[in-house]
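Chemist: I am attaching a structure below and will ask some questions about it afterwards.
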Amino acid sequence: PLVSMKDMLIKAKEEGYAVGQFNLNNLEFTQAILKAAQEENSPVILGVSEGAARYMGGFKTVVSMVKGLIEDYNVTVPVAIHLDHGSSFESCAKAIHAGFTSVMIDASHHPFEENIATTAKVVELAHFHGVSVEAELGTVGGQEDDVIADGVIYADAKECEELVKRTGIDCLAPALGSVHGPYKGEPNLGFAEMEEIGQITGLPLVLHGGTGIPTKDIQKAVSLGTAKINVNTENQIASAKAVREVLAAQPEQYDPRKYLGPARDAIQATVQGKMREFGSSNKA
Ligand code: G3H
Ligand code: ZN
């Protein structure tokens, strides 16, 4: 069923695993991720960036597509539809009214007081509708859609504590060296800060930029209170590789089902692997 992230993440933190957020790009991504979740008997968060929502038609299209597939595929595991990196109160409000069950308000690039004010406003509306809220502090590196980071700034523990106290968010994404897109070399995550922020806030933490983080770092992050890990690029790479392989072997092929079907299978396999790695399999 469609649910918010709240209970999913509290349970994950208590039991020592992380729920994956896998980003939607089109119908095939949605099919693959829902199938993977059902197959693994795992809770799942469907991440939808503003850019991806625009690409697919809009928030309403996304909600209808997800609801349709949940019925057609008889999906029984908990599923959240989550706005990823929501850029404004207006955008979060639109997603909530379209039926999203969770939103991220990413006002991390604004001054601290402005971040708090916007986040608090989103929380008030969201909680009224039973929708969960994620907020961010610091800067995630790399680029995602319209969000380009010009420098990686680590989240500050005192600011995290204050943001949580003054807004009532459900989970927090403290940027601690993670990057959107592939890493140049090994990621260098701020685990000491992660531990401090996890303890000081008491909230489930979110790790953005999940693509390319080694398993030992994933396990360490989970042990320090990370209960949600976002992955997009790795699925995009897997699906593009499958399309290239089919079209290279069959240059005359024109039926989209013949190249997007294998792409869908590749995404599903990638997601199932992540669910096992994150420990969310059989936790539905
Ligand atoms: O918000 C989405 C992500 O943080 C995904 O990061 O594309 O590096 O896996 P990624
Ligand atoms: Zn992100």
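Only the coordinates and a few stated rules stand behind these numbers; no lab work does. Not measured: the values here are computed from a predicted model. FYI the Cβ positions are ideal-geometry reconstructions off the backbone, even for glycines, and counts take in every protein chain you see.
Chemist: Please give the charge dipole size of the chain, origin at the Cα centre, charges +1 on K and R Cβ atoms and -1 on D and E Cβ atoms. Round to the nearest 20 debye.
Modeler: 720 debye
Chemist: While we're looking at this one, here's another question. Using amide H atoms built in the peptide plane, which far-off residues or other-chain residues are under 5 Å from S102 H to H?
Modeler: Here the answer is I81, L83, S132, since their amide H atoms fall under 5 Å of that of S102.
Chemist: Within segment 172-186, whose backbone N sits under 13 Å from a point 7 Å along Cα→Cβ of K216?
Modeler: Only 186 pass the distance filter.
Chemist: How large is log10 I(q)/I(0) at q = 0.12, 0.17, 0.21 Å⁻¹ when the Debye formula is applied to the Cα atoms of segment 1-121, each weighted equally and without solvent?
Modeler: So the normalised log intensities are -0.44, -0.84, -1.18.
Chemist: Residue separation times 0.36 nm, minus the C-alpha to C-alpha distance between E159 and S88: what's the value?
Modeler: Residue separation times 0.36 nm, minus the Cα-Cα distance, leaves 23.6 nm.
Chemist: Using all alpha carbons of segment 140-284, what is the percent of pairwise distances in each 5 Å bin, ordered from the shortest bin to the longest?
Modeler: With 5 Å bins starting at 0, P(r) equals 2, 9, 16, 17, 17, 14, 10, 6, 4, 3, 2, 0.
Chemist: Lys and Arg at +1, Asp and Glu at -1: add these up for the other residues within a Cβ distance under 13 Å of A227 and post the number.
Modeler: 0
Chemist: Sticking with this structure for a sec: Residue by residue, what Karplus-based ³J(HN,Hα) values in Hz, rounded to whole numbers, does segment 168-173 have, using 6.51, -1.76 and 1.60 with θ = phi - 60° and x for Gly and Pro?
Modeler: x, 5, 8, 7, 10, 9
Chemist: Still on this structure: Taking neighbour Cβ counts within 10 Å as the exposure measure, how do H129, H208 sort from fewest upward?
Modeler: Least to most surrounded, the residues fall as H129, H208.
Chemist: Something else: Using only alpha-carbon positions, what ratio does the radius of gyration of the chain give when scaled by 2.2 N^0.38 Å?
Modeler: My calculation over the Cα atoms of the chain gives 0.95.
Chemist: Which Cα, out of I81, S102, S64, lies furthest along the positive dipole direction of segment 60-136 (beta carbon charges, K/R +1, D/E -1)?
Modeler: My answer, from the dipole projection, is S64.
Chemist: So, one more: For segment 174-186, in order, what is each residue's ³J(HN,Hα) by Karplus, 6.51 cos²θ - 1.76 cosθ + 1.60 with θ = phi - 60°, in whole Hz (x at glycine and Pro)?
Modeler: x, 6, 9, x, 7, 9, 6, x, x, 7, 8, x, 6
Chemist: Shifting gears a bit: Sorted from fewest to most neighbouring beta carbons within 10 Å, what does the list V152, V62, V271 look like?
Modeler: V152, V62, V271
Chemist: A follow-up question, please. Please report the projected area of segment 204-284's Cα convex hull averaged over all directions, in nm².
Modeler: 6.2 nm²
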